[in-house]
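K.L.:
Before anything else, here's the structure in question.
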Amino acid sequence: MSYARQSIADFAAAVAERTPAPASGSAVAVAAALGAALAELTARFSDETAAAEQAERLRVRLLELADDDAEAYAEFMRTKSDDARRRTIEVPLELARTAVEVARIADRLEREGNPRLVGDAASASALAHASVRAAARLAQINLDERARLLLA
């Protein structure tokens, strides 16, 4: 099931379960998607159609990455293969890159968008920046583990 189709309550409960996935990567992707949604909202109220459309595309992609991350980690736990491990690095890196794009939009809208939505833009920015850091750290952890196993 796609996490984008779950209620927030159901998704949060799934993250909290004692299962390999969804976990941190999926949670970070959803947080970034919420940041994109706030950027999209701010862009719409700022009459910035191009920014709103870009934020919408990013929001959709981030929700896909929530699923991709859970699938990558579950596959790695099943197979322990090098290909599966590589996906546990690639997906968080793509998540970080996508969240950077959200941060750029949100940061600009916080400065130049509708002043009545500065709080929404600031929140979008905070969520996006935190998501970049968290996703990059997840990729680093998975890469470090791969290197440790290769050197063992």
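K.L.:
Once the Cα atoms of helix 118-151 and of the chain are each reduced to a long axis, what angle between those two axes, in degrees from 0 to 90 to the nearest 10, is obtained?
P.N.:
That works out to roughly 20 degrees.
K.L.:
Plugging the Kirkwood radius over Cα pairs into Stokes-Einstein for the range 1-68, at a temperature of 25 °C and a viscosity of 0.890 mPa s, what D comes out in µm²/s? Walk me through the numbers on the way to the answer.
P.N.:
Details: Rh = 12.4 Å.
Result for D is 198 µm²/s.
K.L.:
Next question. Within the P(r) computed for the chain, what percentage of the Cα pairs occupies the region above 29 Å?
P.N.:
Working: 2385 of 11476 pairs.
Cα-Cα pairs in the chain separated by more than 29 Å: 21 percent.
K.L.:
Can you sort ASP69, ASP120 by how many other beta carbons sit within 10 Å, fewest first? Don't skip to the end; give the middle numbers.
P.N.:
On the way: ASP69 28, ASP120 22.
Least to most surrounded, the residues fall as ASP120, ASP69.
K.L.:
Any chance you could give the angle, 0 to 90 degrees and rounded to 10, that helix 82-112 forms with the longest Cα principal axis of the chain?
P.N.:
For 82-112 against the chain, the angle is about 10 degrees.
K.L.:
Rounding to the nearest 10 and keeping the result within 0 to 90°, find how far the Cα-based axis of helix 24-45 lies from the longest principal axis of the chain.
P.N.:
So the inclination is approximately 10 degrees.
K.L.:
Okay, next question. Can you compute the helix-only [θ] at 222 nm over the chain? Use -39500 (n - 2.57) per DSSP H run of at least 4 residues, normalise by all residues, nearest 500 deg cm²/dmol.
P.N.:
Working: 5 runs with 127 residues, N = 152.
Calculated from helices alone, the mean residue ellipticity at 222 nm is -29500 deg cm²/dmol.
Every read-out reported here was derived from the displayed coordinates using simple, explicitly stated rules and does not represent laboratory data. Note that the structure is predicted; figures quoted are calculated from it, not measured. So basically every Cβ, Gly included, is an ideal-geometry build from the backbone, and we count neighbours across all protein chains shown.
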